[in-house]
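The values are calculated or read from the model by the stated rules, or taken from the named source; none is laboratory data. Quantities reported herein were computed from a predicted structural model and do not represent experimental measurements. Positions of Cβ are generated from backbone atoms using ideal geometry, with glycine treated the same way; all protein chains shown enter the neighbour counts. With ligands, DNA and RNA removed, areas are computed over all heavy atoms of the protein, side chains included. Shrake-Rupley method; radii C 1.70, N 1.55, O 1.52, S 1.80 Å.
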Amino acid sequence: MTLDRRSLLKLGAGAAVAVAGTGLLTGTAEAATTLPPVPGMLGDRKANELWYQLDEIALYHPAQEVQDAYAVLFPFLQQNAPDGLPAKWRALSLEPDYPRNYAEFVKPIEPQLKTLSALQLGNFDRFYRGDEDGLVKAFAAFGQGILYDPRRADVESEVHTMDGDPPTGYHFWHCVQRAQMVLGIDRHRWARIDPVLGFAWALQSIARPDHRHVNPGLPREQVRALARYWLPRSPAELDRDFRSTPYPDSTR
């Protein structure tokens with residue numbers, strides 16, 4: 001099994017975003033007007049920067065603390081979830097003692113999950129603290145593939161969206177978020193973030209965006225309908241949703 005950092009942290013999802021109106025974020029964040037223009041960029045300037053910087057700190061230029069977390073996390077998953085973390089989570093989630101059994105499974109990597117939580121939430125707060133609606137829209141743009149960033153031409157992935165078709169990284173990130181929740185790592189924040197991860201997954205499952213060229217957005221009413229379904233979802237409801245592979249039942 002091969003695990004890469006993009007599967008874990010490109011989020012996407014992660015990927016993390018607040019549901020509008022929940023009071024999740026406070027304070028102020030970096031304004032789009034403070035960001036220098038990027039020739040050739042298409043789509044919202046700040047949303048592009050959010051995902052660009054997440055790649056920088058989680059994938060391309062991680063700090064030593066993050067590298068140390070990966071050095072423990074990935075061998076643990078390879079040894080203890082040989083069929084992949086989503087497969088392990090799904091099996092445990094169907095047992096009567098879930099989520100306690102999942103908490104026991106991920107307990108050995110609790111320090112590493114804390115590191116990743118701080119990394120991701122810090123990046124989201126940097127750009128969208130106090131602007132929950134904007135952060136939801138940034139995730140929606142990510143799922144639809146409407147953020148084009150020429151700075152990623154060197155890795156042949158100019159569009160900020162989840163890798164793959166189907167985009168299996170959403171399942172991986174859900175499993176990581178659920179691990180953080182059952183261990184009490186920023187639990188309330190991730191419980192509000194996970195529904196928006198599902199929202200982005202549904203959007204990408206329908207849009208099937210090109211990873212190298214900007215994509216047209218989905219019809220506004222379709223996006224709104226998906227938001228009405230996904231954003232109020234509870235952790236238990238999201239667990240049922242994410243047992244569906246490779247696409248959500250709601251998009252079939």
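Restricting attention to segment 167-190, the residues that are in a helix (DSSP H, G or I) and either open to solvent by less than 10 Å² (accessible area, probe 1.4 Å) or over 13 Å from LEU121 (Cα atoms) (or both) total 15. Out of the residues in segment 80-127 that are of a type in the set (Asp, Glu) and part of a loop (DSSP other than H, G, I, E, B), which is nearest to the chain's Cα centre (by Cα)? Filtering first and then ranking leaves ASP83. Based on what the data block shows, is VAL159 out of contact with any Ser or Thr (no Cβ under 6 Å at 6 or more places or on another chain) and over 27 Å from LEU73 (Cα atoms)? The answer is yes for VAL159.
Filtering segment 96-125 down to residues that are open to solvent by less than 50 Å² (accessible area, probe 1.4 Å) and among the acidic types (Asp, Glu), which residue is nearest to PRO86 (Cα to Cα)?
GLU110
The lone criterion from (1) farther than 21 Å from ALA236 by Cα; (2) in contact with a helix residue (DSSP H, G or I) (Cβ under 9 Å, 6 or more places away or on another chain) left unmet by ASP154 is number (2). Output the residue which, of all residues in segment 128-166 that are in a helix (DSSP H, G or I) and more than 24 Å from ALA202 (Cα to Cα), is least open to solvent (accessible area, probe 1.4 Å). Looking at the filtered set, the residue picked out is ARG152.
Does segment 65-72 contain at least one residue that is surrounded by fewer than 21 Cβ atoms within 10 Å (Cβ to Cβ), touching a Lys or Arg at 6+ places or on another chain (Cβ under 8 Å), of a type in the set (A, V, I, L, M) and assigned to a helix (DSSP H, G or I)? The answer is no; no qualifying residue exists.
Tell me whether segment 245-252 contains one or more residues that are of a type in the set (Asp, Glu) and part of a loop (DSSP other than H, G, I, E, B). No, segment 245-252 has no match at all.
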